[in-house]
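K.L.:
Quick one: the structure is below, and I'll ask about it shortly.
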Amino acid sequence: MNTSRIQIAQSVGDITRCFDVMHELRPHLTPEGFLAQAARQQTRGWHLAFLECEGVIRSVTGYRFIETLAWGRTLYVDDLVARTDDHGSGFGSALLDWLVAQAKQHECAQFHLDSGVQRFGAHRFYLHKGMDITSHHFAMRL
């Protein structure tokens, strides 16, 4: 992997640049809807970070710090995606490692994410990175 950098997307320009990669994971989003949703979520403690290499955003993550009775202080990953063209290039792995470092830096007791049951490749990746499958997540559309 060539020289890359990871940073928090705070400007409208950086958030907009993250859309194409995020859209691979969240295809229901439109560019305008993504900008509006990101702005709302950022006011509630959500962070958008990206890994850029050679002027191209290669992987993107949305995450937040939460605290629960069950887990204590936790870094929770809402979204983690690498460009399909970059799978196997280490960009997703580097961003996940950065997230774990952020959790440690912010004195989190745990690091969590949910992954859709159909995402077998992602599950192999998370298990390879040392994560465990610890629960089932249940949902109900309202």
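K.L.:
Using the Karplus curve 6.51 cos²θ - 1.76 cosθ + 1.60 with θ = phi - 60°, work out ³J(HN,Hα) for each residue of segment 65-76 in order, rounded to whole Hz, and write x for Gly and Pro.
P.N.:
Using θ = phi - 60°, the values come out as 9, 10, 9, 10, 5, 6, 10, x, 6, 9, 8, 10 Hz.
K.L.:
Alpha carbon centre of segment 111-132 versus segment 9-35: separation in Å?
P.N.:
23
K.L.:
Quick one: 3J(HN,Hα) in Hz for segment 108-118, Karplus 6.51/-1.76/1.60 with θ = phi - 60°, rounded, Gly and Pro as x.
P.N.:
Working through the residues one at a time gives 7, 7, 8, 9, 9, 7, 9, 9, x, 4, 7 Hz.
K.L.:
Now a separate question. Report the calculated FRET efficiency for I133 and A109 (r = Cβ-Cβ distance, R0 = 25 Å), to the nearest 0.05.
P.N.:
On the way: r = 19 Å, r/R0 = 0.75.
For R0 = 25 Å, the calculated efficiency reads 0.85.
K.L.:
Dipole magnitude of segment 4-128 about its Cα centre, charges +1 at Lys/Arg Cβ and -1 at Asp/Glu Cβ only, in debye to the nearest 20?
P.N.:
Dipole size: approximately 240 debye.
K.L.:
Long-range amide H contacts for R58: which residues qualify at under 5 Å (H placed 1.01 Å from N, peptide plane, sequence gap of 5 or more or a different chain)?
P.N.:
Amide H neighbours of R58: L51, E52, C53.
K.L.:
Taking the number of other C-beta atoms within 10 Å as the exposure measure, put D78, D86, D114 in order starting with the fewest.
P.N.:
In increasing order of surrounding Cβ atoms, one gets D114, D78, D86.
K.L.:
A further question follows. Would you mind counting up the charge near D79? Only other residues with Cβ under 14 Å from its Cβ, with Lys and Arg at +1 and Asp and Glu at -1.
P.N.:
Local charge sum for D79: 0.
K.L.:
Mind checking which of A49, A101, A70 has the largest fluctuation in a GNM of the chain, springs on alpha carbons under 10 Å?
P.N.:
Result for the chain, Cα springs under 10 Å: A70 fluctuates most.
K.L.:
Sequence-distant or interchain residues sharing an amide H contact under 5 Å with D79, placed H: which?
P.N.:
G62
K.L.:
Tell me which of C108, G121, I57 sits at the most positive position along the dipole axis of the chain, charges placed on C-beta atoms (Lys, Arg +1; Asp, Glu -1).
P.N.:
C108
K.L.:
I would also like to ask the following. Of G45, P31, A9, which is farthest on the positive side of the dipole of segment 1-115, counting Cα position, with +1 on Lys and Arg Cβ, -1 on Asp and Glu Cβ, and the Cα centre as origin?
P.N.:
G45
No value in this document is a laboratory result; all are computed from the given coordinates. None of the values given here were measured: they were computed from a predicted structure. Glycine gets a Cβ as well: all are built from the backbone with ideal geometry, and neighbour counts include every protein chain shown.
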